[in-house]
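See structure below.
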Amino acid sequence: MATVTLQDLTKVYDRSAPPAADRVSLDIGDEELMVLLGPSGCGKTTTLRMIAGLESITSGSLSIDEQVMNQVPAKDRDIAMVFQSYALYPHMTVKDNLAFGLRRRAVPRAEIERRVKEIAETLELSPLLGRRPHALSGGQRQRVALGRAIVRDPKVFLFDEPLSNLDAALRVSTRGEIAALHRRLGATMIYVTHDQVEAMTLGTRICIMSGGRVMQVGAPLEVYHAPVNTFVAGFLGNPPMNLIPARVAEGDGGRRLAVAGESLVLPPARMPALGPETALTFGIRPEHVTLRRDGAEAGASLAAEVLQTEALGAETIVLAALREDRAAKVMARVAGDAGFRVGESCRLQFDLAAAHVFGAEGDVLRPR
Ligand SMILES: Nc1ncnc2c1ncn2[C@@H]1O[C@H](COP(=O)(O)OP(=O)(O)O)[C@@H](O)[C@H]1O
Ligand SMILES: [Mg+2]
């Protein structure tokens, strides 16, 4: 059982710079796998190191199982951390690397033998127990690092970009192993990454950070489908959400969005109540855009020219520029072959039931 609560957790390294972590508040439930996701430098590692006790807390509080931990030394927090660099002892065998933490805690010899054997079987390290780290592949080393954390049976696991030194195939398989471990151990885990695919596939919930601050916390599909601001909308998704400048216009049928000399009529459930001429941002994901030669719906499409196509087999990613505002670029993700060539004119048809509208500050606007 372990819950982790961050309340206004703040880290200032340098008084002349903005805080590295700025009033980070987060409730992590028992057995949850919380992912901290954001670009490099947004404060993920700093936040994790404060939880681990490797970095002092400037202000705010950190609690584990409702006990404030701010002043508790790292070794007494019952936390295990797995880093990007495996940090194995090079002169020790795999077995000794796995046993090291337990020996230091004076766990009885027979108990150490039993636990090391069990972990080695779980992680398929049994045939490698006699080897030294230099004789292991990257994936095997990372499994030893994982094993070293698990063997201690800590209250909380912390991971800091543990897969980023692995090649693509190993990243996928090790990601699967971490997900399986989480299910099997039922442990509370906090996992830092800048990789949205890792975040979407591993997280029970995702906490998206920017500039030291929490932008949004939610289940993966919740943050994907209902981003609270343009930062989250533009960070998640590959390609990310299209964000196009627009303003409010009045027409015969009521309020609409004026975009590049044309207008889009959003369903009432998607159109915020704003006065004419209000500047805003129209957001639409690439999978909600299709390309038409003719037969495009009035009020749900815009004239454009194809700039680039990337045929990936199962789907094609198309980049187009709006005809009346060529600075506005739109990505479409269409099944199979797009059927359009570079330089061709088209109409971009939008599934406006999936439209998002953001205000001048970038915050989502929801109709009441
Ligand atoms: N030991 C340190 N001293 C001063 N500044 C630091 C230190 N560690 C990190 N920072 C700064 O804090 C910010 C957040 O860094 P970090 O937490 O490592 O980000 P992330 O892990 O999200 O890439 C960055 O601007 C970084 O330069
Ligand atoms: Mg980091």
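The values are calculated or read from the model by the stated rules, or taken from the named source; none is laboratory data. No experiment lies behind these values; they were computed from the predicted model shown. All Cβ positions, glycine included, derive from the backbone under ideal geometry; neighbour counts span all protein chains shown.
Residues that are loosely packed, with under 13 Cβ neighbours inside 10 Å, part of a strand (DSSP E or B), within 28 Å of the chain's Cα centre (by Cα) and small (Gly, Ala, Ser): does the stretch 328-338 have at least one? Yes, the stretch 328-338 contains a residue that is loosely packed, with under 13 Cβ neighbours inside 10 Å, part of a strand (DSSP E or B), within 28 Å of the chain's Cα centre (by Cα) and small (Gly, Ala, Ser). If I filter the stretch 158-169 down to residues being over 15 Å from the mean Cα position of the chain (by Cα) and surrounded by fewer than 19 Cβ atoms within 10 Å (Cβ to Cβ), which single residue comes out as farthest from ligand 2 (Cβ to nearest atom)? Of everything passing the filter in the stretch 158-169, Ala169 is farthest from ligand 2 (Cβ to nearest atom). Annotation note: of Val172, Val197, Val192, Val214, the sole residue that is within 15 Å of ligand 2 (Cβ to nearest atom) and either without any contact (Cβ under 8 Å) to a residue 12 or more places away in the chain or not polar (S, T, N, Q) (or both) is Val192.
Could you check the stretch 49-95 and list, in sequence order, the residues that are assigned to a strand (DSSP E or B) and surrounded by 15 or more Cβ atoms within 10 Å (Cβ to Cβ)? Once the filter is applied, which keeps residues that are assigned to a strand (DSSP E or B) and surrounded by 15 or more Cβ atoms within 10 Å (Cβ to Cβ), the stretch 49-95 yields Gly60, Leu62, Ser63, Ile64, Ile79, Ala80, Met81, Val82.
For the stretch 96-124, a residue qualifies if it is over 19 Å from Ile178 (Cβ atoms) and in contact with a helix residue (DSSP H, G or I) (Cβ under 6 Å, 6 or more places away or on another chain), and the qualifying residues are Ala99, Leu102, Ile112, Val116.
Taking the stretch 23-51 as the search range and keeping residues that are charged (D, E, K, R) and within 16 Å of ligand 2 (Cβ to nearest atom), which one is nearest to Ala233 (Cα to Cα)? Filtering first and then ranking leaves Lys44. Checked against (1) out of contact with any Leu (no Cβ under 9 Å at 6 or more places or on another chain); (2) crowded, with 19+ Cβ neighbours inside 10 Å; (3) at negative phi, Arg213 meets all criteria but (2). Among the conditions (1) on the phi > 0 side of the Ramachandran plot; (2) modelled with pLDDT under 90, Glu161 misses just one, which is (2). Looking across the stretch 308-327, the residues that are free of Cβ contacts under 8 Å to residues at least 60 places away in the same chain and crowded, with 20+ Cβ neighbours inside 10 Å come down to Thr309, Val318, Ala320. Only residues that are touching a residue at least 24 places away in the same chain (Cβ under 8 Å) and either more than 16 Å from ligand 1 (Cβ to nearest atom) or not assigned by TED's automatic domain parsing to the domain that holds Val94 (or both) were counted across the stretch 154-169, and they come to 6.
Scanning the stretch 55-97 for residues that are within 16 Å of ligand 1 (Cβ to nearest atom) and at pLDDT 95 or above yields a total of 7.
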